[in-house]
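What follows is a single structure, written as C-alpha coordinates, with notes after it.
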Amino acid sequence: MSRGAELVSVYARIGRTYWRWAPSLLLLAVVVFIPLGFLHALTVNAEVGSVDFGTGFKLLATAAAVLAIAGTGLLGEVFYAGAVAISLTHRREGRPPSLREIAGMVNYGPLIAIDLIYGVLVAVGLVFFLLPGVLVFVWLGLAAPVVEIEHRGIRAALVRSVRLVRGRFWLVALVLIPIELLGDGLTGWITGLTHNLFASELLSEWVADVVSNVAFTPFYAVAAVLLTVDLIQEKGGGAELHSEPSP
(Lines give C-alpha, C1' and ligand atoms only; values in the text may rest on other atoms or scores of the structure.)
Protein backbone atom coordinates (compact mmCIF):
# COMPACT_ATOMS: atom_id res chain seq x y z
CA MET A 1 0.00 0.00 0.00
CA SER A 2 1.35 3.45 -0.91
CA ARG A 3 1.88 6.07 1.79
CA GLY A 4 -1.02 8.15 0.47
CA ALA A 5 -3.43 5.20 0.44
CA GLU A 6 -2.31 4.16 3.92
CA LEU A 7 -2.86 7.68 5.20
CA VAL A 8 -6.37 7.83 3.73
CA SER A 9 -7.13 4.43 5.28
CA VAL A 10 -5.97 5.60 8.73
CA TYR A 11 -8.06 8.78 8.56
CA ALA A 12 -11.10 6.76 7.44
CA ARG A 13 -10.69 4.42 10.43
CA ILE A 14 -10.33 7.40 12.77
CA GLY A 15 -13.62 8.78 11.46
CA ARG A 16 -15.45 5.44 11.75
CA THR A 17 -14.12 4.79 15.25
CA TYR A 18 -15.06 8.28 16.42
CA TRP A 19 -18.57 7.91 15.01
CA ARG A 20 -19.16 4.58 16.76
CA TRP A 21 -17.76 5.74 20.08
CA ALA A 22 -18.87 9.40 20.02
CA PRO A 23 -21.20 9.37 23.09
CA SER A 24 -18.63 7.85 25.46
CA LEU A 25 -15.75 9.86 23.94
CA LEU A 26 -17.62 13.15 24.37
CA LEU A 27 -18.73 12.35 27.92
CA LEU A 28 -15.17 11.49 28.91
CA ALA A 29 -13.94 14.71 27.27
CA VAL A 30 -16.41 16.81 29.28
CA VAL A 31 -15.21 15.22 32.54
CA VAL A 32 -11.53 15.81 31.68
CA PHE A 33 -11.61 19.24 30.04
CA ILE A 34 -13.95 21.28 32.23
CA PRO A 35 -11.37 21.50 35.06
CA LEU A 36 -8.33 21.56 32.75
CA GLY A 37 -9.93 24.26 30.60
CA PHE A 38 -10.18 26.44 33.69
CA LEU A 39 -6.48 25.91 34.41
CA HIS A 40 -5.56 26.89 30.85
CA ALA A 41 -7.82 29.96 31.02
CA LEU A 42 -6.13 31.08 34.25
CA THR A 43 -2.72 30.71 32.58
CA VAL A 44 -3.73 32.68 29.50
CA ASN A 45 -5.15 35.51 31.62
CA ALA A 46 -2.19 35.81 34.01
CA GLU A 47 -1.11 39.46 34.24
CA VAL A 48 2.67 39.03 34.08
CA GLY A 49 3.25 42.62 33.07
CA SER A 50 1.46 43.97 36.17
CA VAL A 51 4.24 42.80 38.49
CA ASP A 52 7.02 45.35 38.98
CA PHE A 53 10.07 43.33 37.92
CA GLY A 54 13.25 44.67 36.44
CA THR A 55 13.70 44.39 32.69
CA GLY A 56 15.58 41.09 32.89
CA PHE A 57 13.01 39.56 35.18
CA LYS A 58 10.19 40.77 32.94
CA LEU A 59 11.75 39.03 29.96
CA LEU A 60 12.19 35.85 31.99
CA ALA A 61 8.63 36.04 33.32
CA THR A 62 7.27 36.64 29.82
CA ALA A 63 9.17 33.63 28.46
CA ALA A 64 7.87 31.53 31.36
CA ALA A 65 4.31 32.71 30.64
CA VAL A 66 4.61 31.78 26.97
CA LEU A 67 5.92 28.34 27.95
CA ALA A 68 3.10 27.90 30.45
CA ILE A 69 0.45 28.82 27.87
CA ALA A 70 1.97 26.50 25.29
CA GLY A 71 2.35 23.70 27.82
CA THR A 72 -1.15 23.94 29.28
CA GLY A 73 -2.51 24.05 25.74
CA LEU A 74 -1.38 20.42 25.42
CA LEU A 75 -2.22 19.57 29.03
CA GLY A 76 -5.05 17.09 29.11
CA GLU A 77 -4.74 15.87 25.53
CA VAL A 78 -2.16 13.29 26.57
CA PHE A 79 -4.07 12.24 29.71
CA TYR A 80 -7.29 12.02 27.70
CA ALA A 81 -5.59 9.88 25.03
CA GLY A 82 -4.54 7.46 27.76
CA ALA A 83 -8.09 7.25 29.11
CA VAL A 84 -9.43 6.68 25.59
CA ALA A 85 -6.89 3.87 25.17
CA ILE A 86 -8.52 2.12 28.14
CA SER A 87 -11.99 2.70 26.71
CA LEU A 88 -11.10 1.34 23.27
CA THR A 89 -8.81 -1.57 24.16
CA HIS A 90 -9.69 -2.95 27.60
CA ARG A 91 -12.62 -5.24 28.34
CA ARG A 92 -14.38 -5.83 31.65
CA GLU A 93 -16.31 -9.09 31.79
CA GLY A 94 -16.47 -9.27 28.00
CA ARG A 95 -17.57 -5.66 27.48
CA PRO A 96 -15.89 -2.26 27.17
CA PRO A 97 -15.43 -0.52 30.57
CA SER A 98 -17.87 2.12 31.80
CA LEU A 99 -16.79 5.67 32.63
CA ARG A 100 -16.66 4.78 36.34
CA GLU A 101 -14.55 1.70 35.60
CA ILE A 102 -12.21 3.76 33.41
CA ALA A 103 -11.73 6.18 36.32
CA GLY A 104 -10.66 3.26 38.48
CA MET A 105 -8.34 1.78 35.85
CA VAL A 106 -6.39 4.90 34.82
CA ASN A 107 -2.70 4.86 35.79
CA TYR A 108 -2.90 8.41 37.11
CA GLY A 109 0.72 8.86 38.23
CA PRO A 110 2.49 7.81 35.01
CA LEU A 111 -0.17 9.37 32.78
CA ILE A 112 -0.11 12.76 34.51
CA ALA A 113 3.71 12.72 34.59
CA ILE A 114 3.89 11.95 30.86
CA ASP A 115 1.27 14.64 30.20
CA LEU A 116 3.42 17.23 31.98
CA ILE A 117 6.78 16.05 30.58
CA TYR A 118 5.43 15.88 27.04
CA GLY A 119 3.75 19.29 27.28
CA VAL A 120 6.87 21.00 28.65
CA LEU A 121 9.26 19.39 26.15
CA VAL A 122 7.03 20.23 23.17
CA ALA A 123 6.47 23.78 24.47
CA VAL A 124 10.20 24.43 25.01
CA GLY A 125 11.02 23.03 21.58
CA LEU A 126 8.34 25.05 19.81
CA VAL A 127 8.91 28.34 21.61
CA PHE A 128 12.71 28.39 21.27
CA PHE A 129 13.61 26.10 18.38
CA LEU A 130 10.41 25.00 16.53
CA LEU A 131 11.79 21.87 14.80
CA PRO A 132 12.78 20.03 18.01
CA GLY A 133 9.30 20.73 19.35
CA VAL A 134 7.74 19.11 16.29
CA LEU A 135 10.07 16.12 16.58
CA VAL A 136 9.24 15.63 20.26
CA PHE A 137 5.53 15.95 19.46
CA VAL A 138 5.78 13.06 16.99
CA TRP A 139 8.37 10.77 18.63
CA LEU A 140 6.73 10.84 22.07
CA GLY A 141 3.15 11.21 20.86
CA LEU A 142 2.21 7.56 21.52
CA ALA A 143 3.51 7.37 25.10
CA ALA A 144 0.14 7.88 26.81
CA PRO A 145 -1.68 5.07 24.95
CA VAL A 146 1.34 2.84 25.61
CA VAL A 147 0.96 3.41 29.37
CA GLU A 148 -2.58 2.09 29.34
CA ILE A 149 -2.33 -0.55 26.60
CA GLU A 150 0.95 -2.15 27.70
CA HIS A 151 0.96 -1.03 31.36
CA ARG A 152 4.40 0.58 31.17
CA GLY A 153 5.96 3.14 33.49
CA ILE A 154 6.95 6.68 32.59
CA ARG A 155 10.42 6.13 31.13
CA ALA A 156 9.48 2.81 29.54
CA ALA A 157 6.44 4.35 27.85
CA LEU A 158 8.48 7.23 26.42
CA VAL A 159 11.12 4.83 25.11
CA ARG A 160 8.44 2.52 23.70
CA SER A 161 6.81 5.45 21.87
CA VAL A 162 10.12 6.24 20.17
CA ARG A 163 10.57 2.61 19.16
CA LEU A 164 7.03 2.38 17.76
CA VAL A 165 7.45 5.59 15.74
CA ARG A 166 10.87 4.55 14.41
CA GLY A 167 10.47 3.67 10.73
CA ARG A 168 6.92 5.11 10.69
CA PHE A 169 7.71 8.74 11.55
CA TRP A 170 5.97 10.28 8.54
CA LEU A 171 2.79 8.29 9.02
CA VAL A 172 2.53 9.36 12.65
CA ALA A 173 3.46 12.97 11.79
CA LEU A 174 0.96 13.23 8.93
CA VAL A 175 -1.83 11.99 11.19
CA LEU A 176 -1.15 13.75 14.50
CA ILE A 177 0.21 17.12 13.34
CA PRO A 178 -2.72 18.11 11.03
CA ILE A 179 -5.24 17.09 13.70
CA GLU A 180 -3.40 19.16 16.32
CA LEU A 181 -3.18 22.19 14.00
CA LEU A 182 -6.88 21.96 13.11
CA GLY A 183 -7.69 21.75 16.81
CA ASP A 184 -5.61 24.85 17.53
CA GLY A 185 -7.34 26.68 14.70
CA LEU A 186 -10.74 25.66 16.04
CA THR A 187 -9.76 26.90 19.49
CA GLY A 188 -8.77 30.31 18.07
CA TRP A 189 -12.04 30.59 16.12
CA ILE A 190 -14.19 29.62 19.11
CA THR A 191 -12.23 32.00 21.36
CA GLY A 192 -13.10 34.85 18.99
CA LEU A 193 -16.78 33.93 19.20
CA THR A 194 -16.83 33.64 23.00
CA HIS A 195 -15.14 37.02 23.42
CA ASN A 196 -18.21 38.54 21.77
CA LEU A 197 -20.57 36.61 24.08
CA PHE A 198 -18.98 37.05 27.50
CA ALA A 199 -17.67 40.16 29.20
CA SER A 200 -15.21 38.15 31.30
CA GLU A 201 -11.94 37.24 29.57
CA LEU A 202 -11.48 34.31 31.95
CA LEU A 203 -14.95 32.92 31.23
CA SER A 204 -14.60 33.34 27.47
CA GLU A 205 -11.21 31.55 27.46
CA TRP A 206 -12.60 28.78 29.67
CA VAL A 207 -15.68 28.18 27.53
CA ALA A 208 -13.62 28.30 24.32
CA ASP A 209 -11.06 25.83 25.67
CA VAL A 210 -13.69 23.36 26.90
CA VAL A 211 -15.83 23.53 23.74
CA SER A 212 -12.89 23.17 21.35
CA ASN A 213 -11.34 20.31 23.33
CA VAL A 214 -14.61 18.42 23.68
CA ALA A 215 -15.27 18.90 19.96
CA PHE A 216 -11.84 18.04 18.61
CA THR A 217 -9.55 16.29 21.10
CA PRO A 218 -11.43 12.96 20.75
CA PHE A 219 -10.18 12.85 17.14
CA TYR A 220 -6.59 13.32 18.34
CA ALA A 221 -7.02 10.66 21.03
CA VAL A 222 -8.60 8.13 18.67
CA ALA A 223 -5.83 8.77 16.15
CA ALA A 224 -3.10 8.26 18.76
CA VAL A 225 -4.71 5.04 20.04
CA LEU A 226 -5.28 3.62 16.55
CA LEU A 227 -1.68 4.37 15.55
CA THR A 228 -0.38 2.82 18.77
CA VAL A 229 -2.41 -0.37 18.33
CA ASP A 230 -1.40 -0.65 14.67
CA LEU A 231 2.29 -0.15 15.37
CA ILE A 232 2.29 -2.55 18.34
CA GLN A 233 0.76 -5.19 16.07
CA GLU A 234 3.21 -4.33 13.29
CA LYS A 235 6.13 -4.89 15.65
CA GLY A 236 4.82 -8.20 16.92
CA GLY A 237 2.90 -7.13 20.02
CA GLY A 238 -0.64 -7.98 21.04
CA ALA A 239 -3.19 -5.17 21.09
CA GLU A 240 -6.61 -4.71 19.54
CA LEU A 241 -9.65 -2.45 19.61
CA HIS A 242 -13.15 -3.39 20.68
CA SER A 243 -15.51 -3.73 17.73
CA GLU A 244 -18.32 -1.87 19.52
CA PRO A 245 -18.61 0.64 22.38
CA SER A 246 -20.51 -0.07 25.55
CA PRO A 247 -24.25 0.68 25.38
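The values are calculated or read from the model by the stated rules, or taken from the named source; none is laboratory data. The structure displayed is predicted, hence computed values, not measured ones. Keep in mind that these areas ignore ligands, DNA and RNA; they rest on the heavy atoms of the full protein, side chains included. Shrake-Rupley method; radii C 1.70, N 1.55, O 1.52, S 1.80 Å.
Multiplying the residue separation of L26 and R155 by 0.36 nm and removing their Cα-Cα distance gives an extension gain of 43.5 nm. Taking all protein chains together, E240, E180 sort by accessible area into E240, E180, largest first [probe 1.4 Å]. A simple rule links phi to the HN-Hα coupling: the Karplus curve 6.51 cos²θ - 1.76 cosθ + 1.60 with θ = phi - 60°, which for region 4-11 gives x, 5, 5, 5, 4, 4, 5, 5 Hz, with x for Gly and Pro. Among the protein heavy atoms, those of D184 account for about 80 Å² of accessible surface (1.4 Å probe, every chain in place). Rolling a 1.4 Å probe over the protein chains gives T191 an accessible area of about 20 Å². For region 129-247, carbon and sulfur atoms together expose 65% of the accessible surface, with a 1.4 angstrom probe and every protein chain in place. Against the empirical curve 2.2 N^0.38 Å, the C-alpha radius of gyration of region 153-247 lands at a ratio of 1.41.
Accessible area of W206 (1.4 Å probe, protein heavy atoms only, ligands and nucleic acids ignored): about 80 Å².
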